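Read-outs: derived from the displayed coordinates by stated rules, not from any lab. The structure displayed is predicted, hence computed values, not measured ones. No Cβ is skipped: glycine too gets one built from the backbone with ideal geometry, and neighbour counts run over all protein chains shown.
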Amino acid sequence: MPAMQGVPDTFSSTHDAAQFRLAAHRPGVELYRAHIVRHAFEPHAHDGFGLGAIEAGVERFRYRGADHLAPPDSLVTMNPEELHTGRAETAGGWRYRMLYIEATAVAQITDEPGWWFSDAVHEHPDHAQRVSGLLDGLWHAREPLAFDSLLFELLALFRQHARTPPNAPTAGAMRFAPVLDYLHAHLSQRLTLEELAAVAGLSPFHFLRQFRAQHHATPQQMLMALRLSEAKRQLSHGAPAAHVAAAVGLADQAHLTRAFSRRYGVTPARYQRELRR
């Protein structure tokens, strides 16, 4: 299939393209479709679940400290705020569709709070093809009732691959939860290792080693992922890029553009234009 329209300015290949779409009537729901050949996504996270299907090609990504391959006709299921990367494993890249949906929206629609996915990739061709069709239907739906009906069907399908409620959080996750809260609350500030270690009640480099073991990322990588996730949220509400850069602790608008493009594959300006379509 030909590459999609809307090629981001920062992509080095004319075959690389990514598009986003919001549901104006349904908060916490974002649609995404892309064909990526050369772009390599830096570690980033999303506020909500990332649920989708690989339509062609193979994606390689790092998630929870392990490398994963997602082949054609496979499902991808990522939990909220989990750092991950992404790049093509095949010469022609990979084409895929995703739904990014906040956990609160999932709970409201399904009446089942506490969804969680143990596996990032599910090789289930029948489900993947169905998911791809539903996501395409959502992309083109113009009536709220039609959109919500398709969304309900889509989540019902993904429910077959989810666990609920999740297992009890590990001691490590509980120990570092205040650190993540602290990072969220201080995105615009310059933080030190000693400062974060004090929140966890550990010595600085012991904290760094334990945090890396728990989250498969350094505190700085986590901070940048949270900054860009918050930037994406603010941009989706129409905030000016210069204001967003300052609000999340980036040097300036150019820094935001570079960091946003490396993680989401589009510039902030193009992302906002896509959402207004």
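Odds and ends about this structure:
- Helix 219-236 vs. the chain, principal-axis angle (Cα, 0 to 90°, nearest 10): 50
- From its DSSP helices (H runs of at least four residues, each -39,500 (n - 2.57)), the chain gives a residue-normalised ellipticity at 222 nm of -13500 deg cm²/dmol.
- With both labels modelled 7 Å from their Cα along Cα-to-Cβ, the Ala269 to Arg209 distance reads 4.8 nm.
- Crossing angle, helix 144-159 versus the chain [Cα axis fit, 0-90 degrees, rounded to tens]: 70
- Seen against the Cα atoms of the chain and their longest principal axis, helix 204-215 is set at about 20 degrees.
- By the Kirkwood approach, averaging reciprocal distances over each pair of separate Cα atoms, segment 171-276 gets a hydrodynamic radius of 14.5 Å.
- Per-residue packing, averaged as other Cβ atoms within 10 Å, sorts the ranges 53-62, 152-161 into the order 53-62, 152-161, beginning with the highest.
- Mean-square fluctuations from a GNM of the chain, with a 10 angstrom spring cutoff on Cα atoms, peak among Arg209, Arg190, Arg38 at Arg190.
- Percent of C-alpha pairs per 5 Å bin, segment 17-159, short to long: 2, 10, 20, 25, 22, 13, 6, 1, 0
- Relative intensity, log₁₀ I(q)/I(0), of the chain from a Debye sum that treats every alpha carbon as a point, q = 0.06 Å⁻¹: -0.18
- Residues Arg87 and Ala171, FRET efficiency given R0 of 41 Å [Cβ-Cβ distance, rounded to 0.05]: 0.75
- Across segment 35-45, computed HN-Hα scalar couplings (Karplus, 6.51 cos²θ - 1.76 cosθ + 1.60, θ = phi - 60°) run 10, 10, 10, 10, 5, 10, 6, 6, x, 8, 9 Hz from first to last residue, x flagging Gly and Pro.
- Using C-alpha pairs under 8 Å with a sequence gap of at least 6, the mean separation divided by the residue count of the chain gives a relative contact order of 19 percent.
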